[in-house]
Amino acid sequence: MWLLLAFTSAFMLGLYDISKKKSLTGNAVLPVLFINILLSSAVFAAFIISSHCGLTNKDSLVFVPAIEPHDHMLIAIKSLIVLSSWICGYFAIKHLPLTITGQINAMRPVFVLIGAMIIFQERLNGWQWAGTILALLSFFLLSLSGKKEGINFGHNVWITLLILAALLGAASGLYDKFLMKQIEPMAVQAWFNIYQLPFVGTIQLLMWLSQKKGPSSHFTWRNSILLIPLFLAMADFMYFYALSLDGAMISVVSMIRRSSVVVSFLGGALLFHESNLKQKAFDLLLVIAGMICLYIGSD
């Protein structure tokens, strides 16, 4: 069951990436991120209020249980980690092709794997190791593809931000495993969205007060902005639910979620008409092969 939830989450993440790229191209980053978090917070605030007032049944999937002050502090820490990852990732996805950003994000489970082995003593079998190696090989070949588009992975600030976003995302994934052991998944999802709002609001205000107006700060409303929180909420719900089930492995769930690269690749090719697709498609096949190896290894 947790494998099915992980793959569903991956599909939603792919649509989420496409929505971000559509919203961010030629647009200011922080306002798009702020609206995304504002809309998500509004939805989860309604769930929290409804649950607190007894309007939502405790057996409902959207019921948000009451938690202790210590739990709120732990979730606030997650909010800071995730927001930092998002800021780096949003700037990167604005300036880089979707067919590259999606595949670099596929590196995130490798960092999670290393952390899971160290912190949670998780061990992978041969098939799962094969999937990890294929993901690493895909990243190396993608760096060669990027050079054909003038993107030097070693000297590109947007690539650096994307890798930093992946590292922070991996840290968040490991932290999730810790949180799931003591806090209900719906409480984590609801409150971490709420706590991001004052953080990103403060950053947006400071940037607005200190930055001169220019092309990089120009914001244009696009309907695709509304799809960002929708797809993300659905992806995260499936993710948290998967981690809460017995036998779920954070390293495997995180790797499967990176199969969202298939959806984002198709979006980059069909919607944004990105270049050098043949070589990138080969890199993508390696990612898919890695996902298959992980699926076989988890049976």
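Descriptive notes on the structure:
- Taking the Cα atoms of segment 1-53, the ratio Rg/Rh between the radius of gyration and the Kirkwood radius comes to 1.12.
- The chain: DSSP helices with Cα axial extent of at least 27 Å and average Kyte-Doolittle hydropathy no lower than 1.6: 29-52, 157-180, 224-244
- Viscosity 1.002 mPa s, 20 °C: Kirkwood-radius Stokes-Einstein D of segment 237-299 over Cα pairs, µm²/s: 163
- Put simply, when 3-13, 154-164 are sorted by average Cβ atoms within 10 angstrom per residue, most first, you get 3-13, 154-164.
- Judged by the ratio a/c of the largest to the smallest principal axis of the C-alpha gyration tensor, segment 128-279 counts as oblate, that ratio being 1.5 or greater while a/b is no larger than b/c.
- In percent, rounded to a whole number, the relative contact order of segment 23-177 is 31, using alpha-carbon pairs under 8 Å and six or more apart.
- Ranked packing of 174-182, 52-60, most packed first, by mean Cβ within 10 Å: 174-182, 52-60
- Taking the average, over residues, of other Cβ atoms within 10 Å as the packing measure, peptides 136-148, 185-197 rank 185-197, 136-148 from highest down.
- Distance between the pseudo-spin-label points of LEU205 and ASP246 (7 Å out from Cα toward the beta carbon): 4.8 nm.
- Length available on full extension from CYS53 to ILE133: 0.36 nm per residue minus the Cα-Cα distance, which gives 23.8 nm.
- Summary value for the chain: 43 percent relative contact order, contacts being C-alpha pairs under 8 angstrom separated by 6+ residues.
- Listed pairs LYS94/LYS147; LYS21/LYS148; LYS21/LYS278; LYS94/LYS278; LYS20/LYS58 exceeding 24 Å between Cα atoms: LYS20/LYS58
- Applying 0.36 nm per residue to the separation of ARG222 and LEU4 and subtracting their alpha-carbon distance, the gain on full extension is 75.3 nm.
- Förster-model FRET efficiency, 22 Å R0, GLN182 and VAL43, C-beta, rounded to 0.05: 0.35
- Cα gyration tensor shape of the chain, rounded if a/c is under 1.5, else prolate or oblate by comparing a/b with b/c: oblate
Read-outs throughout are calculated quantities, based only on the coordinates presented, and are distinct from any laboratory measurement. Every value quoted in this text rests on a predicted model; they were computed, and no experiment measured them. For neighbour counting, all protein chains shown are included, and Cβ atoms are generated from backbone atoms with ideal geometry for every residue, glycine included.
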